[in-house]
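Data block below; observations after.
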Amino acid sequence: MHMEQSMGVHNEHQKEKLRTMSGFLESIRCGDCECNVDWGERRNTIASIGAGVLFFTGWWIIIDAAVKYPDEATFHHAYHTCGVIATVAFLMINAVSNGQVRGDSYSEGCIGQTGGRVWLFIGFMLAFGSLIASMWILFGGFVVPKKPVVYPGIAVFFQNAFIFFGGLVFKFGRTEDLWQ
């Protein structure tokens, strides 16, 4: 009986401690800045710049690896295929508007709503496929065989990861409300 009471007191103490810790960030002030920035009007600009920086960084990494390791034995030139496919997927994903996929804004034409959804699906499948293939290149071509130089495999993976996330930021970071 005494043990059950002490466990109850211990549990109450733990609950009180959690309540105290859960609210400790509420008292921290980040600054008394009175500048209220309306991100709504700048959302498309920020998303576009962010996506462009991610896309550029991906290609910059792979160009650096290709310049640093120009020989075929260290960095096989066929590994650039993943980045090209990721770039095509980036363009395919962002060629279809969200309204077109929902059926709000585009109902006639050569592809329509169903065609837009199929196009978007193929674009995402290419993007995921290139990302998975870049992981396979990294581990199957560089890590598992224990090659002395692993950077080209890492560069291929990061190129595809940056292009993939850049495509997601450009697709879902922008809003179409400002276009109408």
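If R0 is taken as 25 Å, the Cβ-Cβ distance between residue 102 and residue 63 corresponds to a FRET efficiency of 0.10.
Where a ≥ b ≥ c are the square roots of the eigenvalues of the C-alpha gyration tensor, would you call the stretch 65-180 rounded, which needs a/c under 1.5, or, failing that, prolate if a/b is larger than b/c, or oblate?
Verdict is prolate for the stretch 65-180.
What the Cβ-Cβ distance of residue 41 and residue 154 gives, at R0 = 45 Å and to the nearest 0.05, is a FRET efficiency of 0.70. Note on residue 77 and residue 135: their simple-model spin labels are 3.0 nm apart, each label 7 Å out from Cα toward Cβ. The packing ranking of peptides 160-168, 119-127, highest mean first, is 160-168, 119-127, where packing means the average number of other beta carbon atoms within 10 angstrom of each residue.
The numbers here are math on the coordinates, done by the rules we state, and not lab data. Since this is a predicted model, take the numbers as computed values, not measurements. Cβ sites come from the backbone with ideal geometry, for glycine too, and all protein chains shown count toward neighbours.
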